[in-house]
1. Quick one: if the Förster radius is 30 Å, what FRET efficiency do residue 118 and residue 32 give, using the C-beta to C-beta distance and rounding to 0.05?
2. Show the residues, 5+ positions off or on another chain, whose built amide H is closer than 5 Å to the amide H of residue 162.
3. Only four residue types carry charge here, +1 at the Cβ of Lys and Arg and -1 at the Cβ of Asp and Glu. Report the dipole size of the range 7-248 about the Cα centre in Debye, rounded to the nearest 20.
4. Within a Cβ distance under 10 Å of residue 168, other residues only, what is the Lys/Arg minus Asp/Glu net charge?
5. Does the range 7-248 come out rounded, prolate or oblate by the C-alpha gyration tensor, with a ≥ b ≥ c the root eigenvalues, rounded set by a/c under 1.5 and, if not, prolate when a/b is larger than b/c and oblate if not?
6. Work out the length of the dipole vector of the range 117-232 about its Cα centre, built from +1 on the beta-carbon of each Lys and Arg and -1 on the beta-carbon of each Asp and Glu, and round it to the nearest 20 debye.
7. Looking at 129, 147, 119, which one has the Cα that reaches farthest to the positive end of the dipole of the chain (charges on Cβ: Lys, Arg +1; Asp, Glu -1)?
8. So what J values fall out for the range 210-223 if you push phi through Karplus, 6.51 cos²θ - 1.76 cosθ + 1.60 with θ = phi - 60°, rounded to Hz, Gly and Pro as x?
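Derivation of every value follows stated rules applied to the coordinates shown; laboratory data play no part. As the structure is a computational prediction, the values presented were derived from the model and not from experiment. Positions of Cβ are generated from backbone atoms using ideal geometry, with glycine treated the same way; all protein chains shown enter the neighbour counts.
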Amino acid sequence: MDVTPTRVRFLGSGDAFGSGGRFQACIQVRSQDSTVLLDCGASSLIAMRRFGVEPNNIDAILVSHLHGDHFGGIPFFILDGQFLSRRERPLLIAGPPGIDERVRQAQEALFAGSSQTQQKYEMHFLEWHDRRKEGIGGISVTPFEVVHASGAPPFALRLEVDGKTIAYSGDTEWTHTLIELARGADLFICEANFYEKNVKFHLDYQTLMDHKDELRCKRLVLTHTNVEMLARLPSLDVEAAEDGTEIVL
């Protein structure tokens, strides 16, 4: 029997400020049974249109933390399902504690009254808890609390998908939790916002390289890079994503 490979596509690989003209954090993961987004930054619906991704095919949005460049596209996604894409399938939005309220607040800030509109499709919310495994559309997701001030606990996510393991750091400064997160992963998607500047709540490339051997992942791909990092990409010893990059596992 043919087995459909797991595909990971970077719809947005940029930082909060659009460095290099890149879209904000948004990564599509397609398994045999479902399709999810890892984060949904404010520019994500634009990125989906750019790369021909049908919003109605997304079963769930898995949010790492509650900053606009990681969840700010959700109000647009919800409205698109209501008025343009005519969504019928249920949508699950999973994220840190308070994800429901923060999404509703964002809806009101961007489109007053929209949070009170009853969608024509089912929409459910799920809150992450540290190391509590959740089953989402045939994908097993384990959140690991990391270090990134964002108004609610931030999480890195470890996905078990069709026999493959994908780890995603979200945004965080260095923490030994990343070693547990990445161990044995077929793919570890890790932020490297800075090159060597040590900034609280974020990772820099040099610190990550200092700990690279501890990660023990099969493949490491960097994302969420700033202007300085983008200029240095050709000289790095590690693979880095671009908008549109697709990885087949």
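1. Numbers: r = 32 Å, r/R0 = 1.08.
Between residue 118 and residue 32 the formula returns 0.40.
2. The answer is none.
3. Numbers: 25 positive and 34 negative charges, 100 e Å.
Charge dipole of the range 7-248: 480 debye, to the nearest 20.
4. Working: positive: 158; negative: 39, 191.
Computed value for this residue: -1.
5. Working: a/c = 1.61, a/b = 1.48, b/c = 1.08.
Because a/c hits 1.5 or more and a/b exceeds b/c, the range 7-248 counts as prolate.
6. On the way: 14 positive and 18 negative charges, 48 e Å.
Around 220 debye, computed over the range 117-232.
7. 119
8. Coupling constants for the range 210-223: 4, 10, 4, 5, 6, 6, 6, 9, 7, 8, 10, 10, 8, 8 Hz.
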